[in-house]
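The values are calculated or read from the model by the stated rules, or taken from the named source; none is laboratory data. Keep in mind it's a predicted model, so treat the numbers as computed, not measured. Cβ: placed from backbone, ideal geometry, glycine included. Neighbour counts: every protein chain shown. Areas reflect the complete protein model, heavy atoms only, side chains present, ligands, DNA and RNA absent. Shrake-Rupley method; radii C 1.70, N 1.55, O 1.52, S 1.80 Å.
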Amino acid sequence: MRKIRSKIENSRALAKLLGGMLAGYLKICFATGRWTYHGDEDLDLALEDGPVVVICWHCRLVMAPANWRGRSSVAIPRDPSPAGKLSAATQEFFGTSP
């Protein structure tokens with residue numbers, strides 16, 4: 001596990017490859033699953049007043065851009081750790097910016 005972690009940390013290309021694979025898997029999950037969204041109306045009302053801050057941790061952070069569904073642009077702070085790099089690479093496939 002330590003070797004994979006260091007390879008992700010040192011290789012932008014590997015992080016991007018793994019991020020693309022994870023993004024593809026998430027896109028399949030979203031396309032084939034049944035999803036129920038709660039709080040969409042509240043979020044849309046808050047966005048009418050201006051930018052909002054959404055806080056997510058760990059695996060939810062990777063899925064957040066896929067659930068944003070084109071409301072407005074998304075900027076996500078990124079951790080320089082290997083997990084953060086993989087998360088950032090995955091999120092880029094959903095149109096986020098650093």
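For region 73-98, what are the residues that are within 23 Å of residue 47 (Cα to Cα) and either open to solvent by less than 20 Å² (accessible area, probe 1.4 Å) or in contact with a Leu (Cβ under 7 Å, 6 or more places away or on another chain) (or both)?
Selection gives 76, 91, 96.
Might you check whether a residue that is touching a helix residue (DSSP H, G or I) at 6+ places or on another chain (Cβ under 7 Å), among the basic types (Lys, Arg) and over 14 Å from residue 95 (Cα atoms) occurs anywhere in region 74-81?
yes
How many residues are in a loop (DSSP other than H, G, I, E, B), of a type in the set (Ser, Thr, Tyr) and more than 21 Å from residue 39 (Cβ to Cβ) if we restrict to region 73-97?
Adding up the residues that qualify gives 1.
Considering only region 27-72, state which residues are on the phi < 0 side of the Ramachandran plot, under 13 Å from the mean Cα position of the chain (by Cα), part of a loop (DSSP other than H, G, I, E, B) and exposed (fewer than 10 other Cβ atoms within 10 Å of the Cβ).
Matches in region 27-72: 55, 57.
For region 2-9, does any single residue satisfy the condition of being hydrophobic (A, V, I, L, M, F, W, C) and surrounded by 13 or more Cβ atoms within 10 Å (Cβ to Cβ)? Show your work before the answer.
First, the residues of region 2-9 that are hydrophobic (A, V, I, L, M, F, W, C): 4, 8.
Next cut, surrounded by 13 or more Cβ atoms within 10 Å (Cβ to Cβ) only: 8.
Yes, the conditions are met somewhere in region 2-9.
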